[in-house]
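All remarks here apply to the structure that follows.
The values are calculated or read from the model by the stated rules, or taken from the named source; none is laboratory data. Since this is a predicted model, take the numbers as computed values, not measurements. Every residue, glycine among them, receives a Cβ derived from its backbone with ideal geometry; neighbour counts consider all protein chains shown.
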Amino acid sequence: MQLEFFPSRTLAIYIGKMFAVRIVAVLLMLVLVLQMLDLLSESGKVLAAPGNGQGELLTYVSLRMPQLVSRFLPYSVLLATIITLMTLNQNSEVIAMKAAGLSAHQVLAPLFLVAAVTSAITFGFNERIVTRATATLKAWQNVNYGPIPAETGTKTNVWLQDGPNILFARTIAGTGAAMHMEGVSWYRRDPTGMVTEIVMAPSARYANPGWLLRNPVVFDVQSARKTPLGRDAVYAKGVEPVQVTISRVDPDAESLLQLTGSLAAIREAGFRTTELDGKWWHKLSGPLSALLMPLLGAVAAFGLARSGHLFVRAVIGMALGFAYFVFDNAALAMGNFGAYPPFLAAWAPFVLFFLIGETVLIRTEE
């Protein structure tokens, strides 16, 4: 029986249902409370836009709630793990299971199964719902909660680095050599970073290299004088269309397949993708954090309830779980700065805390 993962089907269903119900209950509690707090802080901005009312508040909730569900589902699994195992321990059900010959891993097996299903659901939910909601919400916030713009591939208010100089475009549309800008300003800066000249134009198109500004007007900062150039001219030769692609890529608003295509385009142009690579790997490792929670919270399942240490064990399990989330965020940030390789930044916390959880479980219970 020690080699069977689920020695009792009835017991597995009993524990699995108990665990699943608590995950849903804790998730609903967290999301409802956090959604109300978030709505209180953001409702003033939503209602400040002309014509907005209750319908727009409901729209905001429908776009924000998927983000909260995705973010706090692993926390819900952790809390549900501790609540479930504390209940089983207090009712001496864990003692009965171990007396029947079940190992600690067999006691936790139904929780791992439910957590694995939760991880799969989380991945699908992130790919199909959260990314779209995030993209729509950010586009809505960019227009200060005005009419939600249609998805056209147009990017607004883009700042691009041209060596020491800066290129700004009110809107950018198109891709590759067909890319064009509207409301263009090019800022010439001296070695100290001060702006010495501003070139403004109603539109520009890619000239390979540089951008051909139509009917530019030159403003000299020192003399405060505007001078129409009288002809189209090329500026910002250090800015390429791929830089616009990089600035347009939002890993939180793109699915795994879309982000893969964006990364391929950026790499083909010869630009580094360290930060985006870390986010790509985290789209896989992030949902799997739910699978780790039963192992980190397992200390709450064992030990005698009447010994008075059950609460201490629950706190230890909670501390291990929250330490994982802290380390995961820190590793991802270090990966974005280039201190860690992207693969290591995404997967090191998962592997490390898996080994810690297994070590604690084996040394104390097996």
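Just a few scattered comments:
- Boolean, residue 292 is buried (at least 21 other Cβ atoms within 10 Å of the Cβ), at pLDDT 90 or above and in a helix (DSSP H, G or I): yes
- Filter pass, residue 272 being surrounded by fewer than 16 Cβ atoms within 10 Å (Cβ to Cβ), in a helix (DSSP H, G or I), at pLDDT below 90 and not aliphatic (A, V, I, L, M): no
- Meets criteria (closer than 20 Å to residue 130 by Cβ, at pLDDT below 90, part of a helix (DSSP H, G or I) and in the same structural domain as residue 98 (by TED's automatic domain parsing)) for residue 332: yes
- Search result, residues across the range 200-230 that are among the β-branched types (Val, Ile, Thr) and either exposed (fewer than 15 other Cβ atoms within 10 Å of the Cβ) or touching an Asp or Glu at 6+ places or on another chain (Cβ under 6 Å) (or both): 221, 227
- Hits in the range 170-194 (condition: at pLDDT 85 or above and in a strand (DSSP E or B)): 181, 182, 183, 184, 185, 186, 187, 188, 189
- Restricting 50, 110 to those that are in contact with a helix residue (DSSP H, G or I) (Cβ under 6 Å, 6 or more places away or on another chain) and over 18 Å from residue 321 (Cβ atoms) reduces the list to 110.
- Scanning the range 204-213 finds one or more residues that are touching a His at 6+ places or on another chain (Cβ under 9 Å), assigned to a strand (DSSP E or B) and not hydrophobic (A, V, I, L, M, F, W, C).
- Test result for residue 64, under 30 Å from residue 287 (Cβ atoms) and surrounded by fewer than 17 Cβ atoms within 10 Å (Cβ to Cβ): no
- Within the range 156-178, the set of residues being β-branched (Val, Ile, Thr) and under 28 Å from the mean Cα position of the chain (by Cα) comprises 156, 158, 171, 172, 175.
- Complete set of residues in the range 144-169 that are small (Gly, Ala, Ser), at pLDDT below 80 and in contact with a strand residue (DSSP E or B) (Cβ under 9 Å, 6 or more places away or on another chain): 153
- Count of the range 6-58 residues which are in a helix (DSSP H, G or I), under 30 Å from residue 143 (Cβ atoms) and in contact (Cβ under 8 Å) with a residue 60 or more places away in the chain: 4
- The residues listed here are 222, 243, 258; of these, the one that is modelled with pLDDT under 75 and not assigned by TED's automatic domain parsing to the domain that holds residue 318 is 243.
- The range 295-321, subset at pLDDT below 85 and not in a helix (DSSP H, G or I), residue surrounded by the fewest Cβ atoms within 10 Å (Cβ to Cβ): 308
- Among the residues making up the range 1-58, those that are assigned by TED's automatic domain parsing to the domain that holds residue 85 and of a type in the set (Asp, Glu) are 38, 42, 56.
- Matching residues, the range 68-85, being over 24 Å from the mean Cα position of the chain (by Cα) and either acidic (Asp, Glu) or surrounded by fewer than 20 Cβ atoms within 10 Å (Cβ to Cβ) (or both): 83
- Checklist (1) in a strand (DSSP E or B); (2) under 38 Å from the mean Cα position of the chain (by Cα); (3) surrounded by fewer than 16 Cβ atoms within 10 Å (Cβ to Cβ); (4) not hydrophobic (A, V, I, L, M, F, W, C) applied to residue 197, failing item: (2)
- The range 113-122, residues that are in contact (Cβ under 8 Å) with a residue 60 or more places away in the chain, within 18 Å of residue 65 (Cβ to Cβ) and not hydroxyl-bearing (Ser, Thr, Tyr): none
- Count of the range 325-366 residues, restricted to those that are charged (D, E, K, R), touching a residue at least 60 places away in the same chain (Cβ under 8 Å) and loosely packed, with under 14 Cβ neighbours inside 10 Å, is 1.
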